[in-house]
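These notes concern the structure reproduced below.
The values are calculated or read from the model by the stated rules, or taken from the named source; none is laboratory data. Because the structure is a prediction, the values reported are computed rather than measured. Cβ: placed from backbone, ideal geometry, glycine included. Neighbour counts: every protein chain shown. Quick note on the areas: whole protein, heavy atoms, side chains included, nothing else; ligands and nucleic acids left out. Shrake-Rupley method; radii C 1.70, N 1.55, O 1.52, S 1.80 Å.
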Amino acid sequence: MMAPSRRIVVLGKTGAGKSSLANTVFGETVFKIDDGPNSGTSKCQAETKLVNGRCITWVDTPGFFDTEKSEETLKPEIVKCITECAPGPHAFLIVLQMQKFTEQEKDIINKLQQYFSEDTLKYATVLFTHGDQLPEEMTIRQWVDQNAGLSDLVKKCGGRCHVIDNRHWKNNPQDEYRSNKYQVKELLRTIDKMIAENNGHYYTNEMLQECERQIQQEGVKIKDSFPEMSQEAIRAQAKSTVLKRWVLAIVGVTTVALLGIFLGGKKMKEGLTTALVLVMGTEAGRAVS
């Protein structure tokens, strides 16, 4: 029996611990960690591994909501994220740090709620890093309930939230709750349950479907030219071709519109119409306007 596939897109600001989280989930160093002063994922990266009987494709994103990053830096990475998770992710993982919430953190939460529609949040789970800061005898849900903004976000995500600590919860903890092994197991269970509640479906929209259509179309051409090439290599090359094409096509689309396309928020319709015209032609754009 084939292992069930799970495409997981990880979102959060730079430095939130997304890459370390991926290594914790995979149980090995898959994503490089930079501890320098300018650390943090700067490119969209994707890896596929077998974890606890599931084939997980983990899409690690740069800080899409970081205000200091330029449009020209972010737009190609958003497009790469779309091509890596096409025809759509089974789960969005919103990664936040456990800490006293400053205006910057409040701004991130406000942006998340702006970009995500309530329908999209049916596919989302909130995960906190730096779990060593969780007070003794307190669960992450109890901690979240102390902050109105966080509590509201988690409620919109169906009450789904978890905590992990990439540094201190690795070795034989006395408290099972404060164990990465336990938390990873529970996180994957939560994602399984969420997929079941969504009738086995993944999140998708017209742009993700069109991206998948073009990837498959390119795959057929590559297969015809190189029949000995493996399916994995064919898909990787097809995704690369589509990515290059779309990066050239989205010159006139703003980052806000692209995130709206991907996350289904308030700006989705405007961005989707514009971008579909660019990558598919005028008729496709008319179809959703």
Computed ³J(HN,Hα) along the range 229-240: with the Karplus parameters 6.51/-1.76/1.60, θ = phi - 60°, integer Hz and x for glycine or proline, the list is 6, 5, 4, 4, 5, 4, 5, 4, 5, 5, 4, 4
Any residue on another chain or 5+ positions along whose placed amide H is under 5 Å from the amide H of SER117 is listed here as GLY265
Highest GNM mean-square fluctuation among GLY88, GLY149, GLY200, for the chain with Cα springs under 10 Å, belongs to GLY200
To the nearest Å², the heavy-atom accessible area per residue of the chain with 1.4 Å probe amounts to 49 Å²
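Probe radius 1.4 Å, ligands and nucleic acids ignored: give me the carbon and sulfur share of the accessible area of the chain as a rounded percent. Please list the in-between numbers first.
Numbers: 6950 of 14260 Å².
Percent of accessible area from carbon and sulfur atoms in the chain: 49.
Please give the calculated 222 nm ellipticity per residue for the chain, where each DSSP H segment of at least 4 residues contributes -39500 (n - 2.57) and the sum is spread over every residue; nearest 500 deg cm²/dmol? Present the calculation step by step, with values, prior to reporting the outcome.
Details: 11 runs with 137 residues, N = 289.
So the calculated ellipticity at 222 nm is -15000 deg cm²/dmol.
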GNM on the chain, Cα springs under 10 Å; top mean-square fluctuation among TYR203, TYR123, TYR177 goes to TYR177
Taking N as the number of residues in the range 76-153, the ratio of its alpha carbon radius of gyration to 2.2 N^0.38 Å works out to 1.24
Residue span GLN217 to GLN231: 0.36 nm per residue of separation minus Cα-Cα distance leaves a gain in nm of 3.7 nm
Given pairs LYS111/LYS193; LYS18/LYS244; LYS80/LYS223; LYS49/LYS111; LYS49/LYS80 and cut-off 28 Å on Cα-Cα distance, the over-length ones are LYS49/LYS111
In the list (1) 0.96; (2) 1.01; (3) 1.09, the entry giving Cα Rg over 2.2 N^0.38 Å computed from the coordinates is (2)
Per GNM of the chain with C-alpha springs under 10 angstrom, the most fluctuating residue out of SER42, SER240, SER70 is SER70
Any GluC sites (Glu not before Pro) in the range 41-146 that lie in a DSSP loop and have at most 16 other Cβ atoms within 10 Å would be GLU68, GLU118, GLU136, GLU137
